[in-house]
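In what follows, a single structure is set out as structure tokens and then discussed.
What follows is calculated from the coordinates using simple rules that are stated; it is not laboratory data. Bear in mind the structure is a predicted one, so any value in this text is a computation, not a measurement. FYI the Cβ positions are ideal-geometry reconstructions off the backbone, even for glycines, and counts take in every protein chain you see.
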Amino acid sequence: MSLEDKCWTVFNKRDHKEAVHLLPLVKEPDKIIRTYTRDDVSLLHLSSRNDWLDVTKDLITKYHCDPQERDSVGQTCLHWAAFGNHVDVMRYLIDECHCGPMTVDEGMWTPLHMAAYYGSSAVVEYLLSTGKCDPLAKDFQGRTPFKLAKENGHTDTLSVLKKFGGIKSSHPIDSYVNILLVGNPGAGKSTLSHVINDTASFTLLGSFRNVGGVVPCTAGIIPYKLQHRTLGNIILHDFAGHSEYYSSHSAVIENLLQGSGGVFLIVVNMLEKEPVKQLHQWLTVVRNEAQKVLNQCHVIVIVSHVDEISNLVERRMRKEEIQEIIVRERCDSVFLDCRKLGGSGVDSFFNKLSSACEFIRSTSGRNLSLYCHMMYGLLEERKENILTLSDVMSAGKENDDYFIPDKREDVLDVLDSLYSTGLISVLKSEDKVWVVVNKGILLHRGGWDSLCSRDIQRTC
């Protein structure tokens with residue numbers, strides 16, 4: 001038997017003493033790759049599985065083994081350490097070797113999936129404590145770590161996962177930014193809203209000169225929840241410009257911005273007789289509402305229909321007049337015909353809006369608990385517009401992917417936290433609570449009719 005084969009054998013048999021003896025005698029330990037339940041398994045993989053911290057360090061620092069190397073199914077040393085429930089090795093790999101705890105194998109398993117599946121409770125607790133793991137990540141079959149632990153009856157691991165329910169956690173739910181689109185009728189708001197909607201997943205060239213199908217809403221607002229390729233996760237709120245809606249806009253804006261900042265888009269039609277007056281009017285509304293928000297808001301002024309002023313001198317004078325106000329108010333601005341796509345104005349608009357969204361995400365004080373993320377995942381999965389509190393609690397007990405608190409008052413606290421993000425609404429009466437997952441339904445007459453049909457006439 002060759003020296004390399006002997007070395008592999010003692011690693012495989014977990015003979016630490018002999019492994020320490022043989023390792024310095026092997027010329028290139030990093031080249032020893034064999035088959036062990038799968039192909040392309042290295043000494044470093046086995047050392048991580050064996051909980052040999054000293055040997056693992058030597059393999060990386062002295063013998064130049066790659067801590068990021070994968071076996072034939074894409075698993076790294078972190079996966080092997082998770083399988084063995086070895087926290088010390090895992091901590092070394094993450095803290096000193098900068099291995100990513102969200103690394104996935106071919107089946108989309110993270111090290112947390114591996115630990116949950118095999119009941120490695122100590123590793124589960126450590127990974128969650130780093131704050132760098134997404135406990136809601138799903139594998140190729142749509143299973144979360146919680147579901148894997150539950151399916152395999154690992155009660156200790158389930159207890160650890162639930163223990164972390166109240167800790168603050170970073171997750172995509174926090175990345176949704178409210179974008180509030182305001183302006184007078186005819187300014188081009190609805191067209192711009194369609195442009196943002198229709199470029200969510202691809203770049204669209206052409207013209208949007210005639211936008212139809214604008215649905216009238218009882219509250220004068222049309223919300224769109226988008227995962228935009230350029231802007232990230234956003235919730236776009238298109239506010240009606242008609243004066244009869246103004247009285248309700250202030251309260252709605254204040255509610256939407258609870259718990260976070262937002263981006264205001266003020267659209268001003270340069271062809272109007274008094275565009276400066278319009279701009280002053282909307283800036284006043286926006287500034288008044290922004291002052292009520294603890295987190296910062298960003299304002300972008302879009303001056304539309306610029307191309308329809310054929311007289312270049314008149315166009316320049318109007319632009320300078322509006323630009324003077326924009327500079328004084330310290331806003332971003334874009335001059336464009338928002339009914340045309342592909343031009344430099346639109347490119348500039350999306351660049352500025354993207355930067356504004358990132359600014360809001362980076363300065364947002366919102367940091368939700370794991371329970372909040374679990375709750376939101378549960379509500380999204382139900383695909384129902386309106387749920388009662390009892391519906392929510394029953395769904396939590398029946399679900400294998402997510403867990404929520406057992407006590408009614410704790411569930412209410414979680415729902416209130418989600419409400420503060422603007423993603424859901426919570427309506428309360430003396431004896432009942434309703435969770436409105438699709439807030440847009442309340443902006444249509446049919447949505448209120450739906451609520452009233454559920455025996456809650458006294459609250460409608």
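Across region 100-141, how large is the tail of the calculated P(r) beyond 14 Å, expressed as a percent of all Cα pairs? The proportion of pairs with Cα distances above 14 Å equals 39 percent.
Ordered by the count of other Cβ atoms within 10 Å of each Cβ, fewest first, Leu180, Leu256 give Leu256, Leu180.
Each Lys or Arg adds one and each Asp or Glu takes one away; over the other residues whose Cβ falls under 9 Å from the Cβ of Gln75, this sums to -1. Evaluating kT/(6 pi eta Rh) at 10 °C and 1.306 mPa s, with the Kirkwood radius of region 32-127 over Cα pairs in the Stokes-Einstein relation, gives 124 µm² s⁻¹.
Neighbour counts of C-beta atoms inside 10 Å place Cys77, Cys97 in the sequence Cys97, Cys77, starting with the fewest. The coefficient of translational diffusion for region 3-163, derived via Stokes-Einstein from the alpha carbon Kirkwood radius under 10 °C and 1.306 mPa s, stands at 100 µm²/s. With N as its number of residues, region 236-312 has a Cα radius of gyration that, divided by 2.2 N^0.38 Å, comes to 1.22. For region 357-411, the spread of Cα coordinates along the three principal axes comes to 38, 23, 20 Å, biggest extent given first. The distance between label points at Ile33 and Ala200 comes to 4.3 nm (points 7 Å beyond Cα on the Cα→Cβ vector).
Here the extension length gained between Lys277 and Ser362 equals 27.3 nm, from 0.36 nm per residue of separation less the Cα-Cα distance. Within 10 Å of each residue's Cβ, count the other Cβ atoms and sort Met374, Met108, Met90, Met270 from fewest upward. Ranked by crowding around the Cβ, least crowded first: Met108, Met270, Met374, Met90. Loop-located trypsin sites (Lys or Arg not before Pro) across region 1-98 with a Cβ neighbour count of 16 or fewer within 10 Å are Lys13, Arg14, Lys27, Arg38, Lys62, with loop assigned by DSSP.
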